[in-house]
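See below for the structure under consideration.
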Amino acid sequence: MKKKAANTRVLVKGGTIVSMNARREVAQGDVLIEGDRIALIGDVPRRKVDETIDATGRLVIPGLIQPHIHLCQTLFRSRADDLELLEWLRQRIWPFEASHTHDSLYVSALLGGAELLRSGTTSILDMGTVHHTDAVFEAAKKLGLRATIGKAMMDAGQGVPAGLRETTDRSLEESLALIERWHGAENGRLRYAFAPRFVLSCTEELMVRVVKEARARGIGMHTHASENSDEVIAVREKCGKDNVAYLHSLGMSGVDTVLAHCVWLTSEEQRILADTGTHVAHCPSSNLKLASGFAKVPDLLAMGVNVCLASDGAPCNNTLDAFGEMRLAALMHKPRFGPTAMPAQTVFEMATLRGARALGLESEIGSLEEGKKADIAIVGTERLHAAPLGDPYSMLVYALSGADVEHVLVDGIVRVRKGRVLGVDAKKLIVQSTQLANQLAEKALR
Ligand SMILES: [Zn+2]
């Protein structure tokens with residue numbers, strides 16, 4: 001089986017390679033892919049290949065990595081604006097999620113996944129919804145996305161609709177069954193992560209059992225923490241501790257744990273994140289749109305916390321374009337921390353290498369190096385809005401967007417060619433998703 005994969009050769013020819021290797025080399029050259037891995041970078045001697053992609057005048061970058069996504073929410077785009085987190089969840093998102101069927105969830109994940117690939121994201125960490133999580137895996141499989149997915153766990157909480165409530169036992173049983181079915185599938189592209197939604201929707205028993213089951217299996221954990229100030233107050237009332245301090249006291253911290261947001265942290269909690277190697281997924285658009293606040297990202301980075309970047313979900317953004325997150329992450333902290341905070345190269349690291357580290361995949365993805373997985377995006381630069389050509393990091397972070405991505409490979413397989421997501425009828429998907437979104441809205445909001 002391995003031999004067959006090794007036979008497929010793709011040559012990405014003549015681009016500017018933004019390698020993100022240890023020396024951060026940027027150079028003109030070719031990338032030869034054999035099977036699912038990068039075989040050679042530089043001047044590739046003439047040889048027979050199955051496909052040549054012309055990258056002249058383009059940037060060749062590592063596929064972007066977003067370790068906090070909700071594919072289940074793509075169908076709620078443009079239907080949940082101008083609300084703060086807890087109202088947004090209780091009035092819109094939870095009723096919407098509760099109305100999902102397996103089929104509507106599949107279309108939601110297919111739409112979101114196609115958008116991600118089209119705009120250069122090759123890897124995600126997804127917090128599915130409570131039920132039908134197989135549909136999210138099925139969509140990621142169909143698209144060829146590299147995805148670590150968990151079903152959202154919710155065995156408690158105020159304002160949670162019946163359709164999302166579950167018992168502690170059932171929540172764990174369903175998670176373990178999903179691990180059996182999907183963890184390591186599709187050449188390792190699909191993996192599982194436990195996803196207790198957040199402290200306010202989970203019993204302490206659930207959290208403690210998740211830590212135990214995850215550690216016993218070497219499987220990651222993913223939750224939201226300290227996103228909104230009202231949430232932080234409610235957590236303190238419920239648990240008698242600050243949010244991250246509470247998670248840490250239960251064992252939900254460390255290099256196998258990704259916490260989304262971390263906007264409202266005490267200095268003690270910042271220290272916990274740094275000391276334990278817990279990863280933070282910074283979601284700039286979401287934090288602005290839900291009026292959550294400004295995470296102290298430059299401080300966290302200075303303390304050695306691994307901060308990565310993600311677009312969260314379609315209804316709090318409203319796109320899944322990682323370029324938009326890079327631009328905002330670079331801009332939004334400067335008024336507070338000064339113009340040298342968040343240089344473009346650092347921000348690009350957050351969208352690549354640091355995301356890989358958060359997923360525990362830093363030896364496989366996040367940079368273009370011989371022997372690593374061939375997860376690659378090729379970005380057009382000959383655009384009025386990006387000219388004249390200059391520092392590639394500056395172009396990528398400030399001027400280019402996901403719409404400028406032309407070709408994308410995951411695991412050495414071309415998944416986007418000339419701006420088209422392969423295997424997906426985009427027009428049909430748009431029509432179908434609009435119909436389904438209207439149906440769900442009627443069901444959820446009546
Ligand atoms: Zn989220």
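On inspection, ALA356 does not qualify as surrounded by fewer than 20 Cβ atoms within 10 Å (Cβ to Cβ), more than 30 Å from ARG92 (Cβ to Cβ) and more than 16 Å from the ligand (Cβ to nearest atom). Scanning the range 254-279 for residues that are over 17 Å from LEU125 (Cβ atoms), part of a loop (DSSP other than H, G, I, E, B) and more than 16 Å from the ligand (Cβ to nearest atom) returns LEU265, THR266.
Assessment of the range 185-200 against the conditions (among the hydrophobic types (A, V, I, L, M, F, W, C), more than 17 Å from HIS261 (Cβ to Cβ), under 25 Å from the mean Cα position of the chain (by Cα) and part of a helix (DSSP H, G or I)) yields no matching residue.
Can you find a residue in the range 32-45 that is acidic (Asp, Glu), surrounded by 15 or more Cβ atoms within 10 Å (Cβ to Cβ) and either in contact with a Leu (Cβ under 8 Å, 6 or more places away or on another chain) or assigned to a helix (DSSP H, G or I) (or both)? No - not one qualifying residue is present in the range 32-45. Each residue in the range 119-142 was checked for being in contact (Cβ under 8 Å) with a residue 60 or more places away in the chain and surrounded by fewer than 22 Cβ atoms within 10 Å (Cβ to Cβ), and 1 of them qualify. ILE365 satisfies every condition listed in (1) surrounded by 14 or more Cβ atoms within 10 Å (Cβ to Cβ); (2) out of contact with any Lys or Arg (no Cβ under 9 Å at 6 or more places or on another chain) except (2).
Checked against (1) in a loop (DSSP other than H, G, I, E, B); (2) aliphatic (A, V, I, L, M); (3) surrounded by 14 or more Cβ atoms within 10 Å (Cβ to Cβ), VAL60 meets all criteria but (1).
Out of the residues in the range 290-322 meeting the condition of being under 21 Å from GLU115 (Cα atoms) and among the small types (Gly, Ala, Ser), tell me which one is farthest from the ligand (Cβ to nearest atom). Per the stated criteria, the residue is ALA322. Taking each residue of the range 100-113 that is at negative phi and looking for partners that are of a type in the set (Asp, Glu) and surrounded by fewer than 24 Cβ atoms within 10 Å (Cβ to Cβ) with beta-carbon atoms closer than 8 Å, six or more apart or interchain, yields HIS102/ASP134; TYR106/GLU138; ALA109/GLU138.
Conditions (1) within 15 Å of the ligand (Cβ to nearest atom); (2) assigned to a helix (DSSP H, G or I), marked per residue:
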residue: VAL232; (1), (2): no, yes
residue: ALA245; (1), (2): no, yes
residue: MET252; (1), (2): no, no
residue: ALA281; (1), (2): yes, no
residue: LEU288; (1), (2): yes, yes
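None of the figures in this text is laboratory data; all of them are computed from the coordinates on show. For clarity, every value in this text was computed on a predicted model and none was experimentally measured. Glycine gets a Cβ as well: all are built from the backbone with ideal geometry, and neighbour counts include every protein chain shown.
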